[in-house]
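To start, the structure itself, in structure tokens.
The values are calculated or read from the model by the stated rules, or taken from the named source; none is laboratory data. Just so we're clear, the structure is a prediction, and the values are computed from it rather than from any experiment. When we count neighbours, we look across all protein chains shown, and the Cβ atoms used for this are built from the backbone with ideal geometry, even at glycine. Just so you know, the surface numbers come from the protein's heavy atoms only, side chains and all, with ligands and any DNA or RNA stripped out. Shrake-Rupley method; radii C 1.70, N 1.55, O 1.52, S 1.80 Å.
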Amino acid sequence: MKLNELTIHELRKLLDNREITPSEILNDVYNRVDAVEYRVKAYISITKEGAAKMADDAAAMIAGGRPNLLTGIPIAVKDNMCTEGIRTTCGSKMLADFIPPYESTATSKMLKQGYVLTGKLNMDEFAMGSSTENSGFHTTKNPWSTECVPGGSSGGSAAAVAADECIAALGSDTGGSIRQPASLCGVVGMKPTYGLVSRYGLVAFASSLDQIGPLTKDVTDSAILLNAIAGHDTLDSTSAPVTVPDFAESLGKDIKGLKIGIPGEYFIDGMDKEVEASVKDAIRKLESLGAIPVEVSLPHTGYAVATYYLLATSEASSNLARYDGVRYGFRAQGKDLIDMYMNTRAQGFGPEVKRRIMLGTYALSAGYYDAYYKKAQQVRTLIKQDFDRAFESVDLIVTPTAPTPAFKVGEKSKDPLQMYLSDIFTISVNLAGVPAISLPCGFSSSGLPIGLQIIGRHFDESSIFRAAYAFEQSTEWHKRRPAL
Ligand code: GLN
């Protein structure tokens, strides 16, 4: 067994028993990258030199008898989290040469634990997309079938983990960008409660929705990595002042009597038969483990996609106003200041980002604000209340993560609305601010992974991990690897 195929918790034991060294793990990871990356294209930047140094530092921490859970573990990071001195592009030409002068809180917490950064991962430009086809650099391929997309926008993160090109990865999720690619690539992806993980140093897309979270090979690693990055941070005013529990304590607890809500709105006529069958099997499996399925209703589900595309684009149009070629990032020439602004933005942003800036600017403009932005905020409240009401009678809610398995490269890239619908099952969770995980629950007849979404109450990641772990331990789906 190659070390890059193992999980964080498996490697931890071997490292702490001094059976292996951080450089040996890193070696196996980069051998794999050298062998398959030309087909997967998960990375934007591969940081071999820095990683070798970090592996040595980790070895010293272990030798000093002070290892943490992530010491010496090779982890890759979505390229929208600032890494001091290391290029952070956000998948955009606009930031193609941007070297951040500071470190994001999530990655600085991992640094303190002695992790090893293997590189920065591909993504849709400014995290806008569901396939990585909107990346300003290249499209990442799904390790299960390189004709297919890995999902997005954290497609590089999901593909790198699935292809064993790193041990685990960080992604970000605004409307599904951790869970949908996790589902399409057969890995575990966790979107924490809004406010659990600091957004400091995360390049902003839609600030009221964005959250950082882990993409891992199993549920145990998800709990370990979330514990490493979660916690209150005074540098992010939306960070919640909560005490973070040890999520590992939820693993292995039985799920007898746990009430799991099944929302009728998520199981509709015309849905993909194989997704429906796998998710219904998963619900039966949870029931056989002692959980009690309860029908619930989330009546405003049908408005979620429209609401999201008004709010997310409005916030994006404001957040992206800063890219004017003056302080940082790409700068085009112009005959005067206004001309320079216009050329910079015309040349620096790709088509999807421009589409969203225009949509959002329109929704916020005088005369339209009440009809669009304000109305969308009101519907957002209704969607959140749907979840509050459902969680009065159940502990968790279970749904498919994505409406279909991975689609082909090019299949939806010409039709933005079709692409937007890939997130139909994940978007409400961000609007409500609640946490949710996606984990493997089956495969399509063509061998593509299918994901199960488990949604919890605000700050109740523990119950999600408890149910996800019980499900994972009684199935074999997470053990399958793509034959790249
Ligand atoms: N696919 C959705 C979008 O394009 C969600 C993206 C995300 O979560 N970052 O906006």
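According to the Kirkwood relation over distinct C-alpha pairs, the hydrodynamic radius of region 117-218 is 13.0 Å. Sorting the segments 214-226, 19-31 by their residues' average number of neighbouring beta-carbon atoms within 10 angstrom, most packed first, yields 214-226, 19-31.
Taking one quarter of the surface of the C-alpha convex hull of region 341-401 gives a mean projected area of 6.9 nm². Think of it as helices only: each DSSP H run of n ≥ 4 in the chain is worth -39500 (n - 2.57), and spread over all residues that comes to -11500 deg cm²/dmol at 222 nm.
At full extension, Leu14 and His232 could sit 75.3 nm farther apart than now, given 0.36 nm per residue minus the alpha carbon distance.
For region 281-385, the alpha-carbon radius of gyration amounts to 1.63 times the rule-of-thumb value 2.2 N^0.38 Å expected for a compact globular protein.
For the listed peptides 332-340, 63-71, a ranking on the average number of other beta carbons within 10 Å per residue, highest first, reads 63-71, 332-340. With all pairs of different alpha carbon atoms counted, what Kirkwood hydrodynamic radius in Å does region 358-484 show? The Cα-based Kirkwood calculation yields 17.2 Å.
Here the calculated FRET efficiency for Val242 and Gln385, from their Cβ-Cβ distance with R0 = 22 Å, stands at 0.50, rounded to the nearest 0.05. Pair-distance distribution of the chain: all C-alpha pairs, bin width 10 Å, starting at 0; shares per bin in whole percent are 4, 22, 33, 27, 12, 3, 0, 0.
For region 7-78, the solvent-accessible area works out to 47 Å² per residue, with a probe of 1.4 Å and every protein chain left in place.
Apolar share of the accessible surface for the chain: 53 percent from carbon plus sulfur atoms, 1.4 Å probe. Hey, which of these cross-link pairs are over 32 Å Cα-Cα: Lys273/Lys375; Lys120/Lys273; Lys217/Lys408; Lys374/Lys408; Lys335/Lys414? Flagged as over cut-off: Lys273/Lys375; Lys120/Lys273; Lys374/Lys408; Lys335/Lys414.
Rg and Dmax of region 171-232, both derived from C-alpha coordinates alone, stand at 11.1, 31 Å.
Mean separation of Cα pairs under 8 Å and 6 or more residues apart, divided by the residue count, gives the chain a relative contact order of 17 percent. May I ask for log10 I(q)/I(0) of region 195-324 at q = 0.15, 0.16, 0.19, 0.21 Å⁻¹, from a Debye sum over the Cα atoms as equal point scatterers with solvent left out? These q points yield log10 I(q)/I(0) values of -1.11, -1.19, -1.24, -1.22.
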